[in-house]
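J.: What follows is a single structure, and I will ask about it in a moment.
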Ligand code: PMP
């Protein structure tokens with residue numbers, strides 16, 4: 001774990017990170033709520049890594065399960081062959097899934113889960129004999145990973161503008177976030193529920209019978225913790241049902257307890273047809289994703305006419321034994337420690353702490369749901385990321401990891417955080433806000 005002399009070969013993901021390359025902040029160890037930096041300092045993880053380490057770091061049960069599985073059956077293909085642990089893990093996941101989502105397709109990441117979900121949706125309509133549904137609808141400011149499907153339906157223009165037309169037949173609904181209107185709201189905002197009617201407008205514009213699926217993050221994470229207004233997701237469900245369109249929830253961030261329920265579908269009381277997950281499925285420890293699918297969709301592939309169903313899809317590492325072992329131990333840990341619902345117990349404390357930042361320098365909005373929060377700062381004119389980035393640097397100096405997107409500070413600590421640690425995190429952020437220009 002020593003810093004190599006030559007840092008040139010590793011291409012850091014995302015070119016925006018060029019600025020980090022000169023002086024990367026190296027992390028060399030981790031335990032529970034904290035990283036250890038190369039200089040030995042403890043850094044509190046205010047973001048659960050990249051929204052993934054829900055049970056905290058280096059949990060012994062998960063580590064041990066990985067070691068044992070690696071020693072017993074390190075690799076086996078999960079197609080044409082089987083190995084028990086993949087079947088067992090799929091059963092365990094289906095048991096905690098929203099009603100009727102009985103089947104699980106394993107991938108290796110969130111981006112792969114999104115592509116898998118889009119392909120299942122398109123192929124499902126064909127499997128049912130309906131070849132006219134080819135359109136996909138996403139949302140502005142939606143983030144669905146970086147593979148071609150994900151950037152096509154994703155709503156961040158900067159992520160797709162270099163790549164031409166990408167998937168065709170894609171449209172985007174306006175996002176639910178109404179700048180200024182919901183400032184300092186706690187929980188689901190009242191305003192903007194009628195924005196779901198934008199979907200009705202868009203599907204009608206294109207002829208609803210050509211639309212295959214709509215994909216949304218129940219709460220947009222990476223673009224700044226944007227919480228839908230009351231009733232929004234229910235209304236999307238109604239519109240999709242009315243027109244025979246599949247509804248996909250991208251729960252890569254919201255899955256596995258982040259909102260205080262196993263999935264956001266449970267929180268909002270809306271069951272999608274397909275649900276993508278990754279990150280928390282293995283506590284972020286081993287790359288894995290899982291796509292949950294309703295029985296009816298799965299059965300259309302298994303029981304439909306063979307000439308219509310040629311679903312050539314799967315990965316070398318789908319259902320990888322070591323990843324499944326990590327996932328099972330993760331699920332045990334979540335269930336033994338009540339972590340899938342712990343965020344609901346902490347939500348009020350979290351909201352009070354976050355909202356105590358109202359009135360601090362630069363703060364123009366605060367948003368929270370479950371154990372996720374965002375503190376939006378007023379940008380310096382012409383420099384839309386500078387202020388939050390200074391906050392990131394100052395926080396790191398003080399021993400806290402926060403995440404920034406534009407001038408929004410996002411927080412999503414491991415679900416094991418104590419009330420005292422929440423106060424510590426927010427008090428430090430308060431000090432940081434008072435220190436930056
Ligand atoms: N979907 C959502 C909602 C995400 O937040 C992310 C990652 N932040 C992804 C997909 C992509 O996941 P991955 O980085 O594992 O490919």
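J.: With Rg and the Kirkwood Rh both taken from Cα atoms, where does Rg over Rh land for the range 165-304?
T.: Rounded to two decimals, Rg over Rh is 0.97.
J.: Could you work out which residue, out of 389, 268, 14, moves most in a Gaussian network model of the chain, that is, has the largest mean-square fluctuation with Cα springs under 10 Å?
T.: Per the Cα network of the chain with a 10 Å cutoff, 14 tops the list.
J.: Quick check: Cα centre of the range 391-437 to Cα centre of the range 70-90, how many Å?
T.: Using only Cα atoms, the two centres lie 40 Å from each other.
J.: Post the alpha-carbon centroid distance, the range 170-215 to the range 268-285, in whole angstrom.
T.: The range 170-215 and the range 268-285 have Cα centres spaced 21 Å from each other.
J.: I want to check the label-to-label distance for residue 8 and residue 385. Put each point 7 Å from Cα in the C-beta direction and report it in nm to one decimal.
T.: Output for this residue pair reads 2.5 nm.
J.: Here's something else I'd like to know. Which of 331, 233 has the fewest other C-beta atoms within 10 Å, and how do the rest follow up to the most? If you can, show how the numbers build up before the last one.
T.: Numbers: 331 23, 233 26.
Ranking 331, 233 by Cβ neighbours within 10 Å, fewest first, gives 331, 233.
J.: Tell me, what is the FRET efficiency for residue 418 and residue 184 to the nearest 0.05, using R0 = 25 angstrom and their Cβ-Cβ distance as r?
T.: 0.45
J.: Just grab the label-to-label distance for residue 87 and residue 68, each label 7 Å out from Cα along the Cβ direction, in nm (one decimal).
T.: Between residue 87 and residue 68, the simple spin-label model gives 2.0 nm.
J.: Something else now. Kindly provide the helix-only [θ] at 222 nm of the chain, computed as the sum of -39,500 (n - 2.57) over DSSP H runs of four or more divided by all residues, to the nearest 500 deg cm²/dmol?
T.: On the way: 15 runs with 160 residues, N = 437.
Here the helix-only value at 222 nm equals -11000 deg cm²/dmol.
J.: Using a 7 Å offset from Cα along Cα-Cβ at residue 42, what residues in the range 398-418 end up with backbone N under 19 Å from the label point?
T.: 398-402, 413-418
J.: Then there is this: Find the relative contact order for the chain and round it to a whole percent, using C-alpha pairs within less than 8 Å whose residues are 6+ positions apart.
T.: 22
J.: Please find the FRET efficiency linking residue 61 to residue 165, where r is the Cβ-Cβ separation and R0 is fixed at 56 Å, and quote it to the nearest 0.05.
T.: 0.75
J.: Expected output is a single nm value to one decimal: the length gained when fully extending between residue 1 and residue 302, i.e. 0.36 nm times separation in residues minus the C-alpha distance. What is it?
T.: 103.5 nm
J.: Which percent of Cα pairs goes in each bin when the distances of the range 64-336 are cut into 10 angstrom slices starting at zero?
T.: Bins of 10 Å from zero give 7, 30, 36, 21, 6, 1 percent of pairs.
J.: Relative to the compact globular guide of 2.2 N^0.38 Å, what is the alpha carbon radius of gyration of the range 215-266, as a ratio?
T.: Values: Rg = 11.4 Å, N = 52, 2.2 N^0.38 = 9.9 Å.
This ratio for the range 215-266 stands at 1.15.
J.: Work out the FRET efficiency for residue 156 and residue 209 from their Cβ-Cβ distance, taking R0 = 35 Å, and round it to the nearest 0.05.
T.: About 0.75, to the nearest 0.05.
J.: Now for a different question. Quick one: Kirkwood hydrodynamic radius for the range 98-172, alpha-carbon pairs, angstrom, one decimal? Present the calculation step by step, with values, prior to reporting the outcome.
T.: On the way: mean 1/r = 0.0752 Å⁻¹.
About 13.3 Å for the range 98-172.
J.: Order by neighbour count: 153, 291, fewest other Cβ atoms within 10 Å first, most last.
T.: So the ranking, lowest neighbour count to highest, is 291, 153.
J.: Right, another one. Compute the distance from the alpha-carbon center of the range 294-363 to that of the range 141-159, in whole Å.
T.: 19
J.: Which of 210, 282, 176 ends up with the largest GNM mean-square fluctuation for the chain, with Cα atoms connected below 10 Å?
T.: 210
J.: Taking 8 Å as the Cα distance limit and 6 or more residues as the minimum spacing, I'd like the relative contact order of the range 164-270 as a percentage.
T.: Working: 122 pairs, mean separation 28.2, N = 107.
Result for the range 164-270 is 26 percent.
J.: Within a 10 angstrom radius of the beta carbon, how do 39, 348, 332 rank from fewest other beta carbons to most? Before the final figure, lay out the partial values.
T.: Values: 39 8, 348 11, 332 16.
Ordered by Cβ neighbours within 10 Å, fewest first: 39, 348, 332.
Only the coordinates and a few stated rules stand behind these numbers; no lab work does. Just so we're clear, the structure is a prediction, and the values are computed from it rather than from any experiment. FYI the Cβ positions are ideal-geometry reconstructions off the backbone, even for glycines, and counts take in every protein chain you see.
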